[in-house]
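Working notes, beginning with the structure itself.
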Amino acid sequence: MKTISILGSTGSIGTQTLEIVRRNKDLKVAAVSAGRNIRLLERQIREFGPRLAAVWSEEDAKELRMAVSDLDVDILCGMEGLEAVAACAESELLVTAIVGMIGIVPTVTAIRAGKDIALANKETLVTAGHIIMPLAKEHGVKILPVDSEHSAIFQSLNGENRSQIAKLLLTASGGPFRGKKREELEKMQVEDALRHPNWNMGQKITIDSATLVNKGLEVMEARWLFDVELDQIQVVVQPQSVIHSMVEFTDGAVIAQLGTPDMKLPIQYALYYPERRYLAGDRLDFAKLGSITFEEPDMETFAGLSYAIEAARTGGSMPTVFNAANERAVSKFLHREIGFTDIYRIIRACMDAHRVIAAPDIRQILEVEQGVYDMIESRW
């Protein structure tokens, strides 16, 4: 029996994680957290029986306590609640399915408590990779990638000598606007951006896929996860989303992980690593597939990727600025306060205004985040 905790159990990754738990009798849930979806969280508590649950606000915590007053479960709130879920004594592994930089502190708490991390929170490594990876090494903790692309690289590296990596090839679907030009993007609405051709994901990551910001965040994350230089990472558009990513080695061999676009595969692989378990679902039929095509990403039109690489090269606190500016801009776009291409304009303005801190600690990272939010709210 393996016992897990989940930060963000009501989101896309969290609910799919619980689907895997539902299908496997040797997984147990010790603790869960959610933002504001109290009704779904109550149903999860009743089905999976965690002893601890956390929400963000005290008001929601009071409501949830009343709703589950017949159950033996502790309900906490705020960052204290998230850290309690992360460090839950019964749990062996923490699934970080929470969205945003709010995931950094509880991830650090979990690592210090000796929990392995199934990492689905990009922001943790994007903004604090220089802290997280050495800390995980110090505490002997595994960082197991849940992102489809990073899981594909992780799987492709099984049994290989990582010092012989020549290049990581991160594949991208191109999102719903692949092939469009900047003037066309100006007209795109929320509904257009949320219409991803291949993947069923949460709203934030779907918008990030449309801007190619998501691929930029994945470049930053891959750098830390696999200890490679930025110049060893190449983004390739693969519209069918069949090849989830590849590794090229020094002898020219390329190893890839292929499959249908189903996030439950990388989630389950992280939960059971190094074991593989049966997973119900569609299988690739190569005869019907016919062909797999590749393209160069259009980094001029989809500036999110080029800005991300620039932020990564600058280093220090600049990735935090990039990430925070994108988070707030995407939120404004989803609330129809700005246009689609304004996301790029906001990121650019925030990066241009920032004075870089070379090696920020967690306090400084969070202060930079808040400073970016304040700048955006004062100007847009």
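The values are calculated or read from the model by the stated rules, or taken from the named source; none is laboratory data. Note that this is a predicted model, so its numbers are computed, not measured. Reconstructed Cβ throughout: ideal geometry from the backbone, glycine too, with neighbour counts over all protein chains shown.
Of all the numbered requirements in (1) of a type in the set (Ser, Thr, Tyr); (2) under 21 Å from the mean Cα position of the chain (by Cα); (3) farther than 21 Å from Val108 by Cβ, Thr320 misses one, and that requirement is (3). Taking the conditions (1) touching a helix residue (DSSP H, G or I) at 6+ places or on another chain (Cβ under 8 Å); (2) crowded, with 16+ Cβ neighbours inside 10 Å; (3) not β-branched (Val, Ile, Thr) in turn, Gly35 satisfies each one other than (1). The set of residues from the range 81-112 being under 18 Å from Tyr273 (Cβ atoms) and either touching a Lys or Arg at 6+ places or on another chain (Cβ under 9 Å) or part of a strand (DSSP E or B) (or both) comprises Ser91, Glu92, Leu93, Leu94, Val95, Thr96. Look at (1) on the phi > 0 side of the Ramachandran plot; (2) in contact (Cβ under 8 Å) with a residue 60 or more places away in the chain and you find that Gly140 fails only one, number (2). For the range 66-90, filtered to residues that are surrounded by fewer than 17 Cβ atoms within 10 Å (Cβ to Cβ) and of a type in the set (D, E, K, R), the residue that is farthest from Ala113 (Cα to Cα) is Asp70.
Looking only at helices (runs of 4 or more DSSP H) that fall completely inside the range 188-266, which ones have 2 or more residues that are farther than 15 Å from Ser148 by Cα and of a type in the set (Phe, Trp, Tyr)?
Working: elements: 190-193, 203-211, 213-225.
Ranges flagged: none.
When Ala86, Ala53, Ala118, Ala97 are checked against the criterion of being in contact with a Pro (Cβ under 7 Å, 6 or more places away or on another chain) and under 19 Å from Ser33 (Cβ atoms), a single residue qualifies: Ala86.
This table checks each residue for (1) in a loop (DSSP other than H, G, I, E, B); (2) under 19 Å from the mean Cα position of the chain (by Cα).
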position: Met299; (1), (2): yes, no
position: Ala308; (1), (2): no, yes
position: Ala311; (1), (2): no, yes
position: Asn326; (1), (2): no, yes
position: Arg345; (1), (2): no, no
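Filtered by the rule that a residue be farther than 22 Å from Glu296 by Cα and of a type in the set (Asp, Glu), the range 159-185 gives a lone residue, Glu160.
The set of residues from the range 149-182 being within 21 Å of Leu305 (Cα to Cα), at pLDDT below 95 and surrounded by fewer than 23 Cβ atoms within 10 Å (Cβ to Cβ) comprises Ser173, Pro176, Phe177, Arg178, Gly179, Lys180, Lys181, Arg182.
The lone criterion from (1) within 22 Å of Tyr269 (Cα to Cα); (2) assigned to a helix (DSSP H, G or I); (3) at pLDDT 95 or above left unmet by Gly129 is number (1). Inspect all residues belonging to the range 132-146 and state whether any of them is surrounded by 16 or more Cβ atoms within 10 Å (Cβ to Cβ), outside any strand (DSSP E or B) and modelled with pLDDT under 95. So far as the range 132-146 goes, no, none of its residues is surrounded by 16 or more Cβ atoms within 10 Å (Cβ to Cβ), outside any strand (DSSP E or B) and modelled with pLDDT under 95.
Summed over the range 349-369, residues that are part of a helix (DSSP H, G or I) and free of Cβ contacts under 8 Å to residues at least 24 places away in the same chain total 4.
Set side by side, the residues Val99, Val95 differ, and just one is surrounded by 15 or more Cβ atoms within 10 Å (Cβ to Cβ), at pLDDT below 95 and in contact with a helix residue (DSSP H, G or I) (Cβ under 6 Å, 6 or more places away or on another chain), which is Val99. Residue-level analysis places Ser331 outside the set of residues that are under 19 Å from Ser306 (Cα atoms) and polar (S, T, N, Q). With a requirement of 3 or more residues that are in contact (Cβ under 8 Å) with a residue 12 or more places away in the chain, out of contact with any Ser or Thr (no Cβ under 8 Å at 6 or more places or on another chain) and of a type outside the set (Lys, Arg), the strands (runs of 3 or more DSSP E) lying completely within the range 1-80 that satisfy it span 74-77.
Could you check, for the range 277-285, whether at least one of its residues is basic (Lys, Arg), exposed (fewer than 11 other Cβ atoms within 10 Å of the Cβ) and part of a helix (DSSP H, G or I)?
Our first condition is that a residue be basic (Lys, Arg); within the range 277-285, this holds for 277, 283.
If we keep only those that are exposed (fewer than 11 other Cβ atoms within 10 Å of the Cβ) as well, we get 283.
Now restrict to residues that are part of a helix (DSSP H, G or I): none.
Looking through the range 277-285, none of the residues is basic (Lys, Arg), exposed (fewer than 11 other Cβ atoms within 10 Å of the Cβ) and part of a helix (DSSP H, G or I).
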